[in-house]
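What follows is one structure encoded as structure tokens, with my remarks underneath.
The values are calculated or read from the model by the stated rules, or taken from the named source; none is laboratory data. No experiment lies behind these values; they were computed from the predicted model shown. Because the Cβ atoms are built from the backbone with ideal geometry, glycine has one as well, and the counts that use them run over all protein chains shown. The area values use the complete protein model at the heavy-atom level, side chains included, leaving out ligands, DNA and RNA. Shrake-Rupley method; radii C 1.70, N 1.55, O 1.52, S 1.80 Å.
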Amino acid sequence: MQRLAKRFQQFRSKSPLSFRLLGYILLFSSAFSLVASAIQIYTDFRNDVALVERRLSVIETSYASSLSRSIWALDQKLLEIQMEGIMSLPDITHLHLTVLPDSEMIMGELPADTSVIQHQFKLNHDNSERYELGELTVTAGMGRIYSSMRHKMAVILTTEFFKTFFIAILIVWVFRYFITRHLSAMSSYTRQFSLENLDKPLLLDRPDTRINRADELGQVTDAINHMRNRLHQDVKRQANDAVEIRKLSKAIEQSPSSVMICDRSWRIEFVNQKFSQLTGHKPEDVLGKRPGLLSSEDCTKKETSQLWQNIQLQVKRVGVWQGEINSARKNGEQFWEQIIVTPIKDSDGAVSHYLILGEDIGIRKRYEQQLLRQANYDILTGLPNRMLALDRLKLALAHAQREKTMVAVMFLDLDNFKHINDTMGHDAGDSLLIEAARRIASCLRGSSTVARLGGDEFLVILPALVSPEPTEQVANRILENFIPPFRVDGQEVFVTTSIGIAVYPVDSDNSSTLLQHADAAMYQAKNKGKSAFERFAPEMKEVSHERLQIESHLRRALELREFELYFQPIVNTASGTLVGAEALLRWNNPAMGMVMPDKFIPLAEETGLITPIGEWVLLEACEAAMRWENATGLKLSIAVNVSPRQFRDPGFVDMVVSAVERTGISPVRLELEITERLILDNTIETAEILRRLDDYGVRLSVDDFGTGFSALSYLKSYPFDTLKIDKSFIRDVMTQQGDASLVKAIINMAHSLGLTVIAEGVEEEPQTRFLMDNDCDFAQGYFYSRPAPESEFEAWLRHNHRTRF
């Protein structure tokens, strides 16, 4: 019993809701059962009473006539039997028969402690008329009915009690299993719920079905988990916000820019470490002050204060201010600072503070000045560049127009500079340009301008002239200054310049045309023999126009397939047999006709077009040699000229290899002719290119040997196979003893170095015999054949390939 009470107490403490539910079920079920039982018992009682009353009515109906006959017959014995028969009926306890006039008959006893039901009926005899014989009173006892009611009450109450109790227990168990244990789990989960265990969701010990998820417990569980997720996200967001705030705080404190935060009254509330480093002010020295009052000098303080007042007005009007100001450090030192001022607004959009970001831009200012100088001055020579020169020219022309004076423009180009730059290297060329700029500038007065336009081109502006004559004096001084040799890398180099002159307003009244006229005059001076100057003349326009026209057509000549290769045979001097051919480029333009190489090749080198043109020449020459082989069976070598600019192209060797592989020609049949001036450029790059070509098997030839500087000391350093004697020596070999001796020396020298020799420009048979007598290996020239297009050369080849010349 104690154990039961203890478990009951535990149940009551663990599940008070179930306990209360049990109590309510028992209370209301008991009350309902009592009412229902009472109604049932009362109904049964009334049914029993009604049954007795019906029975009494049945007695009247059944016995009234028989009793009347017995009384009429005065048959007492029969009357007793009849009454005993009535007494034998259930619940009948007493009969009282009254016979008129004064007799009676009683049978049974009246119950003393229970209620009774009495029924009276009269006994009559009907013959011809009705005679009243007496009256019978039947008394039925209620004892059996009351006993039955008590028994039923006991059984019903007991049954209802146990039924109610067990049903309540079942309901409580069901409620406990399906509801209260999950509520207890929720209670336990929420008691243990904290910000540290937000990762653990609430899970109830029941199947995860659609019905369970839709009921109230599922909804509460989802609500709790939703709250957990929301809290988890809030915690994450708050943690992230805290991290961001810490990062922001560190970023502000460690920012490379100075940070200043002011209140709405523009009083400083915060400065970071960079501000102190930049200005020298400690935080405690500036807090509470206004930004415009940090200067120590009164004059500077007044200017700074006025500036900050303007900044504040701009921020209030526009919302932001950005600009450069000249700030002062604590020690009074001035420095350039770029600042950005923006308002900080609260959640209502009202300005609560002002953020001021500052950056020391002193280095940038110096760079800007440097860039400004670089934008207007030539870095190498320090002279004004083209842009600044054009600005000064426009100013000089405007001044001359107002003052009715003249302005002279002198266009200078160094003679043979490209040759020196190619052979001696770019460093030597730069040194030469610097010295040339110095010599030109030393010939001018203070108001004049000398500028470098680019490359080896210079521009001189002579303003405020009364007549054109002073231009000739300046030009002569410049030419005289170029007479002494230049010292470049320890060597003496002679460089001259060609000068073109145009005068405003005589030659033109605008700057662009004036420059074009000076450029045309300069080219006329070069054509005159270099180291000279020329004044512009109207007929020079045609020369300048022709140059522009050539350049314009040249840029599309390759695309329009206007180039054509001519071929000139190379013959073995001793045997007279054909061994190869040299490819010579020709340009046949529909508008200009046949353009000679000496007109467009230098221009192609200047513009850089020589690289794609040279690639086309090499590929076409190799394909032609393979076509000749297929047509005649002769494996002739093919010689191709290479310009210095093409040679120095980074992809030159790969281009040669590609041409050989695409055409299928053997590398030993391809001979690249390189000018003598190129091998004087004794650089690592030149040696590496020549080595790669030699390793691949391509033959290398020195073209026009003897026309440039002496290259004898370099021939043994490079892997050349052939040396070509320039035609200028061959032309007079039969008439000039000096030329003959020089050709003999070149042949002997080349053979001693293991080089084969080709003589160019052979036009007469005596020249051929001279070369044969002096063991010259090969020869080419008009004596054998003029250069011809491929179709004509192939026809000549078919006819003469077996001929001995």
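Laid out as a table, the results:
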quantity: Odd one out for Q219, checked against (1) in a loop (DSSP other than H, G, I, E, B); (2) under 46 Å from the mean Cα position of the chain (by Cα); (3) loosely packed, with under 13 Cβ neighbours inside 10 Å; calculated: (1)
quantity: Evaluation of E615 against (1) open to solvent by less than 40 Å² (accessible area, probe 1.4 Å); (2) under 16 Å from T663 (Cβ atoms) (one fails), failing number; calculated: (1)
quantity: Inter-residue pairs, beta-carbon under 9 Å, first closer than 13 Å to L636 by Cβ and at pLDDT 85 or above and in region 794-805, second assigned to a loop (DSSP other than H, G, I, E, B) and open to solvent by less than 50 Å² (accessible area, probe 1.4 Å), 6+ apart; calculated: W796/S785; L797/L634; L797/L636
quantity: Complete set of residues in region 742-777 that are part of a strand (DSSP E or B) and out of contact with any helix residue (DSSP H, G or I) (no Cβ under 9 Å at 6 or more places or on another chain); calculated: I758
quantity: Only listed residue being farther than 16 Å from A659 by Cα, buried (at least 22 other Cβ atoms within 10 Å of the Cβ) and in contact (Cβ under 8 Å) with a residue 24 or more places away in the chain, chosen from V640, V579, V571, V595; calculated: V571
quantity: Residues (open to solvent by less than 10 Å² (accessible area, probe 1.4 Å) and within 15 Å of E673 (Cα to Cα)) located in region 618-637; calculated: L618, A621, C622
quantity: Failed condition for S184, given (1) in contact with a strand residue (DSSP E or B) (Cβ under 9 Å, 6 or more places away or on another chain); (2) in contact (Cβ under 8 Å) with a residue 60 or more places away in the chain; (3) outside any loop (DSSP other than H, G, I, E, B); calculated: (1)
quantity: The lone exception for L514 - which of (1) assigned to a strand (DSSP E or B); (2) open to solvent by less than 30 Å² (accessible area, probe 1.4 Å) it fails; calculated: (1)
quantity: Region 487-504 - residue that is modelled with pLDDT under 90, touching a strand residue (DSSP E or B) at 6+ places or on another chain (Cβ under 9 Å) and not basic (K, R) and, of those, least open to solvent (accessible area, probe 1.4 Å); calculated: V493
quantity: Strands (runs of 3 or more DSSP E) wholly inside region 349-464 that include at least 1 residues being open to solvent by 20 Å² or more (accessible area, probe 1.4 Å) and among the basic types (K, R); calculated: 449-454
quantity: Pairs where the first residue, in region 290-312, is modelled with pLDDT under 60 and the second is part of a helix (DSSP H, G or I), C-beta under 8 Å, 6+ apart; calculated: S295/K301; S295/T304
quantity: Counted residues, region 690-729 - those being modelled with pLDDT of 75 or more, loosely packed, with under 13 Cβ neighbours inside 10 Å and assigned to a helix (DSSP H, G or I); calculated: 1
quantity: Single residue of K122, K163 found to be out of contact with any strand residue (DSSP E or B) (no Cβ under 7 Å at 6 or more places or on another chain) and at negative phi; calculated: K163
quantity: Answer residue from region 471-499, given it is of a type in the set (A, V, I, L, M, F, W, C) and assigned to a helix (DSSP H, G or I) and is nearest to N416 (Cα to Cα) among those; calculated: L479
quantity: Among the residues listed as L202, L170, the single one being free of Cβ contacts under 8 Å to residues at least 40 places away in the same chain, surrounded by 11 or more Cβ atoms within 10 Å (Cβ to Cβ), in a loop (DSSP other than H, G, I, E, B) and not β-branched (V, I, T); calculated: L202
quantity: Selected residue (criterion: surrounded by the fewest Cβ atoms within 10 Å (Cβ to Cβ)) from residues of region 730-755 that are aliphatic (A, V, I, L, M) and under 16 Å from F778 (Cβ atoms); calculated: I747
quantity: From L584, L603, L565, residue being without any contact (Cβ under 8 Å) to a residue 60 or more places away in the chain and either open to solvent by 40 Å² or more (accessible area, probe 1.4 Å) or in contact with a helix residue (DSSP H, G or I) (Cβ under 9 Å, 6 or more places away or on another chain) (or both); calculated: L603
